[in-house]
Amino acid sequence: MIPNHGMSRREHLRWWGAGATALAAGALAPPLAAGQEKQPPESPEVVADRARRMQWWHAAKFGMFIHWGLYSVYGHHEWAMEEEGIPVAEYELLAKQFKPQPNAARAWAKLAKQAGQKYMVMTTKHHEGFCNFDTKLTNYCAAKQGPGRDLVAEYVEAARAEGLRVGFYYSLMDWHHPDGARCATDEAARRRFVEYTHGLVRELMTNYGKIDVLWYDVDWPLDPKGWESEKMNAMVFKLQPDIIVNNRNGVPGDFSTPEQEIRASRSGRAWESCMTMNDSWGYQRADDNWKSAKTLVGNVIQCAQGGGNYLLNIGPKGDGSIPEESVERLTAVGRWMDKHGATIYETERSRVNDSVFAGFTRKGNTLYVQVANWPGSKVAVGGIKTKVTSAKLFTTGQKVELKQEKFRVQFVGLPEQAPEQPVSTIAVEFESEPVQDNEWTRRERPRRGVGV
Ligand code: GLC
C-alpha cells in the first residue's frame, strides 16, 4: 500500500485489522465523546490516591473479560432476551438448565495467565438480571438455581490461584427485576430498585475479599442522580479502599471504557478498550467472525502505545468450557507475550505513533518498534526528531545498524524475513524521550522539480 497522507489516521493504520481503529495522540485525535472526559478539578490527594490504586493496572496492560450467564446456555448472544423479545417467564427456564461443570473458571484463569493477561473481569450480573453469585436479595441467582453454588466465588478463587487480579462486571440495567424499567417513572420503584442495586453491589464488595476492579455497565434508565452513583461509589471505596472503578455508572470513576475500538484519551485520563474476539460478548454458537492472533497482538500493542489497557473477551459456553477458537487465539497471543512481554508491561504512552506497518511501545527512552508487516532488510521510520543511539532485535539481542537523517531513521542489514511471528520487535535507544512529527516532515522536507 502506498501511504496516502491525505487519508485519515484511522485508515492509515489498517493493518491492525477489524475491530480496532487506531489512534494517535495529538491533533488528529477524534473529538471527545460527549461528557466522557470532562471532569471537575480534583484535589492533589484524590489524584495521588488514584495513582496509587491504579499503579498495578497501568503496568498490567492486558486483561481477560468474561461474559457468562444464562445467555451462555442459550448460545444466541447476551442480548438475546431483548433482541428476540423473550418473555421473562420463558427466559427464566434457562436458570434451571444452567449446570456448569465445577470450577470451570480454573481453565479460564489458566488460559488468561498463559496469554499474558494480568487481570480478569467477569460478569456477576448482566442485563438479563441473573446473579452469578449467592445473594440474600433475590432467588434469581446461581446458588438457588441450576448451578446450585456461587459461581463468582469459584471465579475469584480461580483467578487468585493464578496470581491474577480480580474484577467484577455489574450491569445496572436489569431486564428481569420488576422495577428495572419503571424505576424511571415511579419514585417508589426507583427507591426500591436503587436499594436492591446498592445492596447487590454491597454484597459483591463484602463477601469475596479484596476485589481489584468494579466494572459497571449500562446505566439505563436512570441518570447518576437517580442511581445515586456518587453514594454507591463512596460505599464501594469504603468497603474496598484499593479498588478501581470505571465510568459506566454515569460518573467519571477512575477510567474510561472505549468499546470495540481503540481510542486513546486526549486528556491523559486512564482508559481501557474492551473488545470481543468475534462479534459477541456472550456465547453465540454461530458467530465465526474471529479476529486473527495477529490482529489481537496488534491490538495489545496499539493500546499500550496509547497508554491504555486492552480487555479482551471470552464467552464461555453454558457448561463453562471456552470456545476452541478463543483458546487457540489466546494461546498464540501468549506465545508472543512470553517472548515480548517486556515490550508491553509497564510501558508508557508513546509519542511516536505513525507507521503503515508497525506500532510503537515505549519505556523511558527505549522505543519498541513493533513491526507487523515486515518490509525486508530495511525498516524505516519517518519524522523522528530525537537522536537515536543504538538499536537491536529485541528477542535475539542482535545489534542493528542504523542511519539517522533529518527526516528518517533507517534500520538496515536486517533479515529479509520477519524474525518473529506475528510481530517482530526492534528495540531502539534514544538520547531522550523519542518524538515523531510527520506533519513537520510533510511541511519542511525540501522539495524540488516542477517550477524550479
Ligand atoms: C455493551 C453491551 C454488553 C456488553 C458490554 C461490554 O454495553 O450492552 O452486552 O457487556 O457492552 O462492554
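Using a 4.7 Å cut-off between beta carbons, which cysteines in the chain end up with no partner cysteine at all?
Unpaired cysteines in the chain: CYS183, CYS274, CYS303.
Please identify the trypsin sites (Lys or Arg not before Pro) of the range 368-422 that satisfy two criteria: DSSP loop assignment and at most 16 other Cβ atoms within 10 Å. Which are they?
LYS378, LYS385, LYS387, LYS406
About the Cα centre of the range 358-443, what is the dipole size in debye to 20, counting +1 per Lys and Arg Cβ and -1 per Asp and Glu Cβ, all else neutral?
For this selection, approximately 200 debye.
So how far, in whole Å, is the C-alpha centre of the range 97-161 from the one of the range 190-209?
Each part's Cα centre sits 17 Å from the other's.
Taking amide H positions as placed in the peptide plane 1.01 Å from N, state which residues far from TYR169 in sequence (5 or more) or on other chains have amide H under 5 Å from it.
Distant-sequence amide H within range of TYR169: MET122, THR123, THR124, TRP215.
Towards the positive end of the charge dipole of the chain, with charges on Cβ (+1 Lys, Arg; -1 Asp, Glu), say which of PRO375, CYS141, MET337 has the farthest Cα.
Going by the Cα projections, it comes out as PRO375.
In degrees between 0 and 90, to the nearest 10, how far off the longest principal axis of the chain does helix 88-97 point, with axes built from Cα atoms?
80 degrees
Out of all Cα-Cα pairs in the range 358-443, roughly what percent, to the nearest whole number, are more than 19 Å apart?
Of all Cα-Cα distances in the range 358-443, 32 percent exceed 19 Å.
Ordered by residue, what ³J(HN,Hα) values in Hz, to whole numbers, does the range 301-309 give under the Karplus form 6.51 cos²θ - 1.76 cosθ + 1.60, where θ = phi - 60° and Gly and Pro are x?
Ordered by residue, 3J(HN,Hα) equals 4, 4, 5, 4, 4, x, x, x, 10 Hz.
On a straight-distance basis, which aspartates and glutamates could pair with LYS210 in a cross-link, Cα separation under 14 angstrom, same-chain partners fewer than 8 positions away excluded?
Of all the aspartates and glutamates, those that pass the test against LYS210 - Cα under 14 Å, at least 8 places apart if same chain - are GLU157, ASP242.
Could you tell me how far the Cα centroid of the range 248-272 sits from the Cα centroid of the range 379-430, in Å?
The range 379-430 and the range 248-272 have Cα centres spaced 32 Å from each other.
What whole-number volume per residue, in cubic angstrom, does the convex hull of the C-alpha atoms of the chain give?
162 Å³
Sum up the charges of everything whose Cβ sits under 12 Å from the Cβ of ALA391, counting Lys and Arg as +1 and Asp and Glu as -1, but leave ALA391 out.
Value of the local net charge: +1.
7 Å from Cα along Cα→Cβ at both ALA342 and ASP288: what's the point-to-point distance in nm?
Computed distance between label sites ALA342 and ASP288 equals 4.2 nm.
Quick one: putting +1 on the C-beta of Lys and Arg, -1 on the C-beta of Asp and Glu, what dipole do you get for the chain around its Cα centre, in Debye to the nearest 20?
Here the size comes out at about 1760 debye.
If you restrict to DSSP beta bridges whose two residues both lie in the chain, what percentage is antiparallel, to the nearest 5?
Expressed as a percentage, antiparallel bridges in the chain total about 50.
Given a cut-off of under 8 Å on Cα pairs at least six residues apart, what relative contact order in percent is computed for the chain?
It comes to 17 percent, rounded to a whole number.
Can you pull the Kirkwood radius for the range 180-274, inverse mean 1/r over Cα pairs, to one decimal in Å?
When all Cα pairs of the range 180-274 are included, the Kirkwood radius is 14.3 Å.
Can you give me the distance in nm between label points at GLU405 and LEU93, each placed 7 Å from the Cα along the Cα-to-Cβ direction?
Between GLU405 and LEU93, the label points sit 7.2 nm apart.
Highest first, please rank the peptides 301-310, 185-194 by the mean number of other Cβ atoms sitting within 10 Å of their residues.
Highest to lowest by the protection proxy: 301-310, 185-194.
Hand me the tally of lysine pairs in the range 364-415: alpha carbons under 16 angstrom apart, and the pair either on different chains or 8 or more positions apart.
Eligible lysine pairs with Cα atoms under 16 Å apart amount to 8.
I'd like to compare 227-233, 159-165, 61-67: which one has the highest average count of other Cβ atoms within 10 Å, and what's the full order after that?
Sorting 227-233, 159-165, 61-67 by mean packing, highest first, produces 61-67, 227-233, 159-165.
Give the long-range amide H neighbours of ALA380: residues separated by 5 or more places, or on another chain, with amide H under 5 Å away, using H modelled in the peptide plane at 1.01 Å from N.
Those qualifying (amide H under 5 Å, at least 5 residues apart or on another chain) are PHE411.
Give the distance, in whole Å, between the Cα centre of the range 56-94 and the Cα centre of the range 293-352.
21 Å
Under the 0.36 nm per residue contour assumption, what length would be gained going from the current alpha-carbon distance of LYS317 and ARG149 to full extension?
My answer for the length gained is 58.7 nm.
Using mean Cβ contacts within 10 Å as the protection proxy, how do 123-134, 201-212, 264-275 order, highest first?
123-134, 264-275, 201-212
How far is helix 151-161 tilted, in degrees, relative to the longest principal axis of the Cα atoms in the chain, given as a value from 0 to 90 rounded to the nearest 10?
40 degrees
When only Cα pairs under 8 Å and 6 or more residues apart are kept, what is the percent relative contact order across the range 358-443?
41 percent
Pop the C-beta distance of ARG445 and GLU42 into the FRET formula with R0 = 56 Å and round what comes out to the nearest 0.05.
0.85
Using only Cα atoms, find the angle between the long axis of helix 44-60 and the longest principal axis of the chain, and express it within 0 to 90 degrees, rounded to the nearest 10.
Roughly 80 degrees between the two axes.
Between GLU157 and ASP223, what FRET efficiency follows from the Cβ-Cβ distance if R0 is 56 Å, with the result rounded to 0.05?
For GLU157 and ASP223, the calculated efficiency is 0.95.
As a check on your grasp of the helix formula, calculate [θ] at 222 nm for the chain: sum -39500 (n - 2.57) over DSSP H runs of n ≥ 4, divide by the residue count, round to the nearest 500.
-9000 deg cm²/dmol
Just so you know, all these numbers are worked out from the coordinates, no wet-lab data involved. Since this is a predicted model, take the numbers as computed values, not measurements. Using ideal geometry, Cβ is built from the backbone for each residue, glycine included, and neighbour counts are taken over all protein chains shown.
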